[in-house]
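Below: the structure, in structure tokens.
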Amino acid sequence: MIDHIVFLQLYDYTVNARPYTESCMMGTSICIVTVAALRRCFIIVLHLTLFLPVVRVYEQLIGLHLDCLKTCVCAGNIISCPSANLSNVPTALPEYTAVLDLSFNSITRLRAEWTPTKLKRLQSLLLSNNGLTFLSSEAFVHVTKLRYLDLSSNGLRQLDEFIFEPLEHLEVLLLYKNNIYQIDRTAFSGLMSLQRLYMSHNQITRFPLELVKERSRLETLRLLDVSSNRIKTLSLHELQALPAWIKNGIYFHSNPLTCSCELYDLVAHWHLKDLSSATDFTSNHTCVIPGLRKETMSILDLDKAYLNCSEVKVLKEEAYLDQSLVLDCDTKQKDMVKRWALPGNAPLSSANKTAVMLSDGSLHIGPLKAEDSGVYTCYATSDSLNETLYITVVVFNFTMSGGLENLKTAYTTLIACLVSIVMVLIYLYLTPCRCASCSDQDMEKDDPRESLHSSTVSLSQAHEETRQQGVLSEGFPYRHATLLEYKDQLEQNGRLNPIGEEDEEMQVDSKERRRSDAESISSVCSDTPMVI
């Protein structure tokens, strides 16, 4: 008994691609087959069933063709395929694509061949929330015109060398909420147009200073966010030296930074300058107190507790007479139009030779005078921001070298005073005294006017001789002659005898004369100098 079955024409793609039919009637596609033919059809279906998984694997490797009806939305040059359960980037993307959104899928690896053709007009590529763990070193060689790249909320762990080098037109790069712990110093080389780089909520332990410091920095970079990472130390002095338009966009809050007065000084200065990176997240600027407990506290409270750091106040420039000073108009934006006003809000004029505005917008003052002290004002304007900076200048009323000379003079005067005191003490207490008890050989002198001591010694000898002669001759004439001789000796020794003193001396007895002689001798032996 023959069973008849009606079916559509089948083809054996695995063997010879020929139809299995027993008979066809009148050119129609409906055929009647026998049971033997059915067995052959069953084998063909089995082969196709086994081949389907291989096809699916192949589709996962090379990606499905772009389907703008079921999986993606195609609107002009925008292709949006979010939450489409894609494991690879769709193939056959049109060359005119400008925006490609593949976020919230399962694309874990971005290979070099993810787009076999160059997408010369692609400007935005969104790959966030894909579980992406691998980036090929040649992943971006066919999309060099990218300006916006979103790789956030994935599982990236490291950034290899020169990984973004082909993207010379890239302006915004989002890498936040990954597991990045290692960044090669050349990873961002070639990003000549990069303006904003977001790397918060990662495992980064080193601040990428090479991106912002002089000579190696990205010249167009305006925002660098490394907040909520594992950075413990910062290059504080190098960060403080950066211009304000760079510091305004450096965000490093919510990191386990070690508390120090240098860190407080940095953050406090940024607050005084009203920089967005410090004022926008004031409560998140915290540090860790060294110790076993690892307590955290606000950086701006370090001047009140724990370290008792010196309070930071409005900065002012200090200088001395005849010095020169350069005032920098450090604005929060680059390339702003600047103008200066002198103390008293006097406008800066070309007739003023002391204050001159330089080509970079800074103000050169000098040689300084005392009247140059005051508040200098810089007015900076741009299309999006107007900024006013006040700088207080204090000029000390002496030169720096003059101050040193005054110090040297005071020191020399002090030394001279000390030496004078020592010499006076030596003169008063260590000068030898020649008295009547001294030996006769020490009192001999050729010229009686040679010194004061020789005069007083001669005087004492004359008194002694006169007394002896008066005792031997008791007559008046000899006594008178002796007094006259004594008078002559007084005059020879420089002591004047007033008028009328001669008669009085002749009436003084020998006892009073001897007493005056003793007093004169004691006066000679005293420490008090005689003025002649």
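Computed with a 1.4 Å probe over protein heavy atoms only, the accessible area of LEU325 comes to about 20 Å². Multiplying the residue separation of ARG206 and ASN397 by 0.36 nm and subtracting their alpha-carbon distance yields 64.0 nm.
Counting Lys and Arg as +1 and Asp and Glu as -1 over every other residue whose Cβ lies under 9 Å from the Cβ of LYS273, the net charge comes to 0.
Peptides 377-385, 118-126, ordered by how many other C-beta atoms sit within 10 Å of their residues on average, highest first, read 118-126, 377-385. In loop segments of region 288-332 as defined by DSSP, the GluC sites (Glu not before Pro) with at most 16 further C-beta atoms inside 10 Å of their C-beta are GLU295, GLU311. Annotation: amide H-H contacts under 5 Å for LEU86 (H modelled 1.01 Å from N, sequence separation of 5 or more, or interchain): SER106. Note on SER362/ILE415: beta-carbon distance plugged into 1/(1 + (r/R0)^6) with R0 of 45 Å gives a FRET efficiency of 0.50.
Given their separation in residues at 0.36 nm each and the Cα-Cα distance between them, ALA346 and TRP245 gain 33.6 nm when the chain is fully extended. Let a ≥ b ≥ c be the square roots of the eigenvalues of the Cα gyration tensor of region 185-330; is it rounded (a/c under 1.5), or, if not, prolate (a/b larger than b/c) or oblate? Verdict is oblate for region 185-330.
Taken one residue at a time, the phi angles of region 122-137 give Karplus couplings (6.51, -1.76, 1.60, θ = phi - 60°) of 5, 10, 10, 10, 10, 10, 6, 6, 10, x, 5, 10, 9, 10, 5, 5 Hz. Gly and Pro are set to x. Please report, as a whole percent, how much of the solvent-accessible surface of region 149-209 comes from carbon and sulfur atoms (probe radius 1.4 Å). The value for region 149-209 is 43 percent carbon and sulfur by accessible area.
When all protein chains stay in place and ligands, DNA and RNA are ignored, the 1.4 Å accessible-area order of ARG147, ARG215, largest first, is ARG215, ARG147. For region 225-314, with all protein chains in place and a probe radius of 1.4 Å, 49% of the accessible heavy-atom surface sits on carbon or sulfur. Per residue, the solvent-accessible area of region 284-365 (1.4 Å probe, heavy atoms of protein chains only, all protein chains present) comes to 64 Å². Using a/c under 1.5 as the rounded threshold, could you call region 263-401 rounded, prolate or oblate? The axes a ≥ b ≥ c are square roots of the C-alpha gyration tensor eigenvalues, and prolate needs a/b larger than b/c, oblate otherwise. It comes out oblate by the Cα gyration axes. Residues whose amide H falls under 5 Å from that of VAL288, counting only those 5 or more places apart or on a different chain, are LEU257, THR258, CYS259, with hydrogens built in the peptide plane.
Database remark: amide H of GLN182 closer than 5 angstrom to the amide H of LEU159 (H placed geometrically; neighbours at sequence offset of 5 or more, or on other chains; Pro and chain starts carry no H). Solvent-accessible area of VAL424, all protein chains in place: 80 Å² (probe radius 1.4 Å, heavy atoms, ligands and nucleic acids excluded).
Sorted from greatest to least, the principal axis extents spanned by the alpha carbons of region 207-277 come out as 31, 27, 19 Å. A simple count of charges around ASN229, restricted to other residues whose Cβ falls under 13 Å of its Cβ and scoring Lys, Arg +1 and Asp, Glu -1, yields +3. The overall shape of region 75-183, judged from the alpha-carbon gyration tensor, is oblate: a/c is not under 1.5, and a/b is no greater than b/c. Neighbours of THR205, meaning other residues whose beta-carbon lies under 10 angstrom from its beta-carbon, give a summed charge of +3 when Lys and Arg score +1 and Asp and Glu score -1. What the phi angles of region 142-148 give under the Karplus curve with 6.51, -1.76 and 1.60, with θ = phi - 60°, is a coupling list of 9, 10, 6, 8, 4, 10, 9 Hz, glycine and proline written as x. Annotation: TRP114 carries an accessible surface of approximately 20 Å², with a 1.4 Å probe and no ligand, DNA or RNA atoms counted.
The values are calculated or read from the model by the stated rules, or taken from the named source; none is laboratory data. All values reported here derive from a predicted model rather than from experimental measurement. So basically every Cβ, Gly included, is an ideal-geometry build from the backbone, and we count neighbours across all protein chains shown. Ligands, DNA and RNA are excluded from the accessible area calculation, which covers all protein heavy atoms including side chains. Shrake-Rupley method; radii C 1.70, N 1.55, O 1.52, S 1.80 Å.
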